[in-house]
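Okay, structure first, notes after.
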Amino acid sequence: MKALFYYLIFPGFLFSAVAGLLSSWVERKVTARIQWRVGPPWYQNFLDLIKLSGKETIIPKQARATFLLAPYLGLFSLVLAATILGLALFTPQQSFTGDLIVVVYLLVIPAICAIIGASSSRNPLASVGAAREMKLVLGYELPFVLSIATVIVKTHGGIRLGDILAFQMNFNSLFFSFSGALAFIAALLCCQAKLGLAPFEVAEAEQEIMAGTVIEYSGSALAAFKLTKAILLYTMPVLLILFFLGKDISPIFSLAKYIIILVVFILIKNTNPRLRIDQAVRFFWGPVTAIAGLALILALLGL
Amino acid sequence: MDLKTKALLKSIWVFHVSCGSCNNCDIEILDCLTPRFDLERFGIQLVGSVRHADALLITGAMNRKSVPRMKKIYAQAPKPCVVIAVGQCALSRHMFRYSYNVCEPLDKILPVDLYIPGCPPRPEAMIDGIVKLVNKVRGNK
Ligand code: SF4
């Protein structure tokens with residue numbers, strides 16, 4: 001019963017959906033201000049979702065059964081990850097051993113679901129999008145796992161989110177050590193790619209392959225994808241706060257850190273052109289992996 | 001009017017179909033999204049896939065090649081979906097009226113909900129047209 005409450009209301013589905021939709025409003029608004037526009041009102045993303053749920057959901061004739069399954073599966077697993085992370089942030093004692101690894105796995109599932117959904121729609125542009133998404137996942141997972149390994153090494157083998165937080169509360173945020181700062185930079189870039197924001201929005205390049213992976217989706221299935229994206233935008237900063245900036249997690253400080261990380265994401269998005277997929281993969285396997293590997297070595301040396 | 005219609009009126013996603021226009025109308029449509037007019041204030045967005053569209057913005061004189069494709073695009077759009085004819089060409093075939101290759105005006109082919117005349121129509125005219133359409137759906141004059 002309690003678990004259901006956690007999952008559905010707080011800090012699970014309802015809370016993370018509202019937080020995510022508000023964050024994506026912040027994203028749209030800041031983007032608009034950077035481009036010297038006014039931007040949409042704060043309830044715009046809610047309206048978009050309500051509208052999409054009222055529209056017809058078209059299923060292409062040749063689509064497979066996984067076409068409609070994929071968006072909801074992605075949403076389901078992402079909400080689970082958001083619940084675990086939220087519980088760890090709001091009530092650190094509640095976390096269980098190994099939840100770090102569970103979260104890392106759960107966070108890959110939305111990307112996999114996007115790939116499955118796109119390839120079961122049998123649209124050629126969607127399959128281009130799926131192929132790009134797959135390469136991108138291969139690209140960013142390596143440095144992401146390396147930087148998380150840095151966190152584990154720094155906290156003397158903490159694979160419980162609660163332990164990681166407790167370590168940072170007792171000593172200092174991991175961000176304020178050499179290895180922590182380097183791992184933070186690598187993880188931030190990986191999160192940018194996980195969010196599918198420019199410069200890594202190759203899988204959904206609106207101008208080239210017309211929304212790529214979601215091209216065939218309409219109505220409530222599209223709404224599920226949009227909601228997944230929004231919740232991801234809430235989950236990623238929370239993840240970074242937990243891993244690297246966990247010294248003081250009182251509500252005010254958490255909110256401030258959250259907004260700063262969110263705005264950094266948005267600024268990176270707005271000041272960079274889209275990379276080609278080969279450039280993106282080279283970027284992640286080259287410099288970013290080097291940074292994350294260096295961070296891991298420094299952490300093993302105790303810096 | 002239920003909540004979903006209300007939400008629809010405040011978040012119109014537009015798919016742009018060019019059926020052989022001279023490109024001026026298309027440029028004016030893009031102007032609507034620039035900082036000066038900024039249609040995103042009202043939730044209006046240009047989308048890349050017709051499956052996401054709430055409105056089809058059709059420009060250009062229909063020629064024999066583009067008519068069947070346009071019909072296909074209309075069939076692919078999720079309903080409810082409005083059709084907006086932009087520019088004199090789409091309205092009445094304009095100066096291409098006697099061309100060997102141009103068939104019928106748009107409203108003989110698809111159910112058009114909104115006509116925006118002009119060659120090309122100014123962004124203000126398009127915004128005005130959309131406001132009129134929204135007001136009409138809301139039921140006030
Ligand atoms: S209406 Fe005028 S500007 Fe628009 S496509 Fe026709 S000729 Fe070009």
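Any read-out appearing in this document is the output of simple, stated calculations on the displayed coordinates, not a laboratory observation. Just so we're clear, the structure is a prediction, and the values are computed from it rather than from any experiment. Ideal geometry is used to build each Cβ from the backbone, glycine not excepted, and the neighbour counts take in all protein chains shown.
Data for the structure
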read-out	value
Difference of contour (0.36 nm per residue) and Cα-Cα distance, residue A:259 to residue A:35	78.7 nm
Gap separating the Cα centres of the range B:124-138 and the range A:52-104, nearest whole Å	39
Residue mean of other protein chain beta carbons inside 10 Å, A:214-223	3
Lys, Arg +1 and Asp, Glu -1 on Cβ, resulting dipole of the range A:150-303 about Cα centre, debye, nearest 20	280
Given charges at beta-carbon only (K, R positive; D, E negative), |dipole| of the range A:2-300 in Debye	320
Hz values of 3J(HN,Hα) by residue in the range B:16-21 - Karplus curve (6.51, -1.76, 1.60), Gly and Pro given as x	9, 10, 9, 9, x, 8
Reachable lysines from residue A:257, criterion Cα separation under 25 angstrom, eight or more residues apart if same chain	A:29, A:154, A:194, A:226, A:229, A:247, A:269
Highest-MSF residue in chain A out of A:142, A:165, A:89 [GNM, Cα springs under 10 Å]	A:142
Where labels lie 7 Å past Cα in the beta-carbon direction, separation of residue A:102 and residue A:122 in nm	3.9
Cα-based helix-to-principal-axis angle, A:251-271 vs chain A, degrees rounded to 10	60
Shape call, chain A: gyration tensor on alpha carbons, a/c limit 1.5	prolate
Chain A - percent relative contact order, Cα under 8 Å, separation 6 or more	28
Rounded FRET efficiency, nearest 0.05, which uses the C-beta distance separating residue B:37 from residue A:252 and R0 of 35 Å	0.35
Label-point gap, in nm, between residue A:138 and residue B:6 - each point 7 angstrom along Cα→Cβ	5.0
Inter-label distance for residue A:1 and residue A:46, nm, one decimal - labels placed 7 Å from Cα along Cα-to-Cβ	3.0
Cβ-defined net charge surrounding residue B:82, 9 Å radius [Lys, Arg +1; Asp, Glu -1]	-2
Cut-off under 5 Å, modelled amide H: who pairs with residue B:114 long-range	B:83, B:85
